[in-house]
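Following: one structure in structure tokens, then a few remarks.
The values are calculated or read from the model by the stated rules, or taken from the named source; none is laboratory data. A quick note: this is a predicted structure, and the numbers were derived from the prediction, not measured. Glycine gets a Cβ as well: all are built from the backbone with ideal geometry, and neighbour counts include every protein chain shown. These area figures cover heavy atoms from the full protein model, side chains too; ligands, DNA and RNA do not enter into them. Shrake-Rupley method; radii C 1.70, N 1.55, O 1.52, S 1.80 Å.
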Amino acid sequence: MDVSVDIEKVRENFRVYNTLSKDIERFEPIEKNKVRIYSCGLTVNDYMHIGHARTYTVWDVLVRYLRFLGYEVFHVSNITDISIDEKILKRLEEEKISFQQLIEKYTKAYFEDREALGIERANVHPLATQHVQEMIELIEILLKKGYAYIAEDGVYFSIRKFQNYGKLSGIKPEALVAGASGRISKDEYDKDYVGDFALWKIAKEKEPYWYSPWGKGRPGWHIECSAMSMKYLGESFDIHTGGEDNIFPHHENEIAQSEAATGKKFVKYWLHTKHVLLGGEKMSKSYKRLIYLRDAIAKYGATNLRLYLLSTHYRKKLNFEEKGIEEASLIVNRFTKAVQITLKSLRKEIKNKNAQELLSYCIAKFNNFLDALNDDLNTTAAIKYLDDISRSIITFVESNGFVPSEIAENIIYILDKMGEIIFGDLYKREIRLEPTAEFEEFIEHMIKERDELRKEGKYESADKIRENLRRMGIEIEDLRFGTIWYIKKNSLYRK
Ligand SMILES: [Zn+2]
């Protein structure tokens with residue numbers, strides 16, 4: 001039986017929802033085997049919350065899936081380390097730290113948090129502060145081409161000049177507020193306020209600044225992403241991702257700036273995640289209604305949390321609920337157990353005719369898993385098929401004992417592929433754990449001792465051994481043919 005997948009065929013059927021066309025489209029990169037992708041990264045003036053974490057986890061699955069499909073992926077994700085507002089200036093005074101120290105602290109935390117959730121580093125994480133020159137050059141082009149103008153407080157993009165303004169968000173430039181009051185220097189604003197946006201902002205008192213032909217100041221947030229994405233990925237690239245609140249104004253403005261400057265189509269596919277809600281409402285820093293990722297990991301464990309964040313499709317809002325994390329943790333446990341039992345089976349010389357049936361079932365479910373991801377990254381369905389496979393392995397082992405090694409070899413291939421896509425770096429770190437020979441011997445010895453105590457009717461002492469093992473992260477289960485055990489490990493920040 002052949003477990004390998006016809007990748008070419010699977011990849012022909014990969015479809016994604018494109019915010020630009022508002023339709024599900026077959027994915028076809030600009031260059032045949034290469035995918036160039038840009039993800040808007042964090043503004044590093046605070047810790048990442050679970051809404052950010054969901055977004056980055058989904059793009060991590062996307063990148064890993066594209067690689068599974070055989071694409072050479074080049075992923076760029078920026079770090080916004082320029083953003084300044086009054087609240088931040090106030091915090092600098094309160095915390096008695098410099099802007100530089102604040103940025104360094106949260107940039108470090110950002111990478112720690114990504115790693116804790118098993119999210120792979122992008123190929124490049126460009127810092128905005130190191131690309132101010134590229135941004136200035138882009139603004140100069142826009143000025144030269146007549147898309148931008150200089151005002152007393154900075155340089156602005158004239159959205160009336162760009163014909164296709166609104167093509168991503170559906171916002172019409174007719175709603176434009178005219179004159180000086182129609183200029184927006186804030187980076188974030190809502191749909192009711194369409195106007196010319198800032199490309200360069202002249203620094204006010206106490207604000208950090210960079211030099212430019214228009215005076216000391218700093219670039220606007222939107223020009224940052226246009227300049228850095230085009231620097232690393234070219235004037236036209238395949239995928240641009242972000243959260244739903246990036247659609248307007250951030251991504252709409254990125255398109256305007258980039259396409260006005262180059263005259264070329266900026267991005268082929270725009271993908272956006274929906275919000276994570278708390279108690280039915282959007283998370284918000286100002287109302288203190290948010291959960292930081294590192295707190296959530298400490299409380300629930302990284303693998304459980306990662307699976308939970310993926311259990312709702314990325315284009316649906318996720319209402320954060322502990323009940324859902326409990327359910328996710330059961331799926332993680334079953335998967336962990338299935339993977340480790342299958343790994344142990346690789347070393348067992350056993351024959352069992354029923355095992356062929358188990359393998360056929362796993363192959364069928366693995367194909368369902370790939371179909372689900374092909375359907376606009378339907379992780380909800382994919383996780384269900386992953387769990388079906390875990391359950392079938394566990395059920396098999398419960399009635400038959402270990403899986404014959406030649407079958408286990410094929411099954412582990414499937415488990416590895418699924419595990420790496422869904423759990424990312426956490427798969428090897430917390431699920432696919434192989435004990436050293438010494439450790440294994442020690443555990444087997446403890447289990448034997450427990451068996452003897454039970455035979456002698458010393459149940460209390462036997463239970464104590466089980467309790468001690470559990471404290472070490474070892475779960476044991478008594479099956480008809482004997483006792484099996486596996487390592488249950490959970491996460492970096494967990495106490
Ligand atoms: Zn961006």
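Mean residue ellipticity at 222 nm, helices only, the chain: -15000 deg cm²/dmol; runs of at least 4 DSSP H residues each add -39,500 (n - 2.57), and the sum is divided by the number of residues. Rolling a 1.4 Å probe across the protein heavy atoms gives the chain an accessible surface of 46 Å² per residue. Relative to the compact-globule estimate of 2.2 N^0.38 Å, the Cα radius of gyration of the stretch 56-170 comes out at 1.41. Between E152 and K351, the simple label model (points 7 Å from Cα in the Cβ direction) yields a spacing of 9.3 nm.
Over the stretch 435-495, what number does the Rg to Rh ratio reach, with both radii from the alpha-carbon atoms and Rh per Kirkwood? Here the Rg-to-Rh quotient is 1.01.
Of the two radii for the chain, the radius of gyration is 1.05 times the Kirkwood radius, both from the alpha carbons; that is the Rg over Rh value.
Using the Cβ-Cβ distance between L89 and K384 with R0 = 60 Å, the FRET efficiency computed as 1/(1 + (r/R0)^6) comes to roughly 0.80.
Helix 322-345 and the long axis of the chain differ in direction by around 50°, with both axes built from C-alpha atoms. Looking at the stretch 115-210, the GluC sites (Glu not before Pro) that sit in a DSSP loop and have at most 10 other Cβ atoms within 10 Å of their own Cβ are E152, E205.
Put M472, M48 in order of accessible area, highest first, and with a 1.4 Å probe you get M472, M48. A simple count of charges around E475, restricted to other residues whose Cβ falls under 13 Å of its Cβ and scoring Lys, Arg +1 and Asp, Glu -1, yields +4. Helix 50-68 and the longest principal axis of the Cα set of the chain meet at an angle near 70°.
Shape annotation for the stretch 251-298: C-alpha extents along the principal axes are 47, 22, 18 Å, from largest to smallest. Using θ = phi - 60° in the Karplus curve 6.51 cos²θ - 1.76 cosθ + 1.60, the 3J(HN,Hα) couplings for the stretch 196-209 round to 5, 10, 7, 9, 9, 10, 5, 5, 8, 4, 6, 7, x, 9 Hz; x is entered for Gly and Pro.
Taking amide H as placed 1.01 Å from N in the peptide plane, the amide H of Y269 sits under 5 Å from that of I239, H240, each at least 5 places away or on another chain. Remark on Y314: its backbone amide H falls under 5 Å from those of T379, a criterion applied only to residues 5 or more positions apart or on other chains, H modelled at 1.01 Å from N.
Legend: P(r) of the stretch 365-495 from all alpha carbon pair distances, 10 Å bins from 0, whole percents, reading 11, 32, 34, 18, 5, 1.
Once you divide the Cα radius of gyration of the stretch 361-410 by 2.2 N^0.38 Å, the number left is 1.28. Between helix 86-95 and the chain there is an angle of about 60 degrees, using the helix long axis and the longest principal axis of the Cα atoms. Relative contact order for the chain: 17 percent, from Cα pairs under 8 Å spaced at least 6 residues apart, divided by residue count.
Using a probe of 1.4 Å on the protein chains alone, the accessible area found for V73 is around 10 Å². On the principal axes of its alpha-carbon atoms, the stretch 156-229 has extents of 36, 30, 20 Å, going from largest to smallest. A cut-off of 5 Å between modelled amide H atoms, ignoring neighbours fewer than 5 places along the same chain, links E120 with D425. The alpha carbons of the stretch 139-296 stretch over 48, 41, 33 Å along the principal axes, in descending order. Of the trypsin sites (Lys or Arg not before Pro) found in the stretch 38-109, those that fall in a DSSP loop while having at most 10 other beta-carbon atoms within 10 Å are K96.
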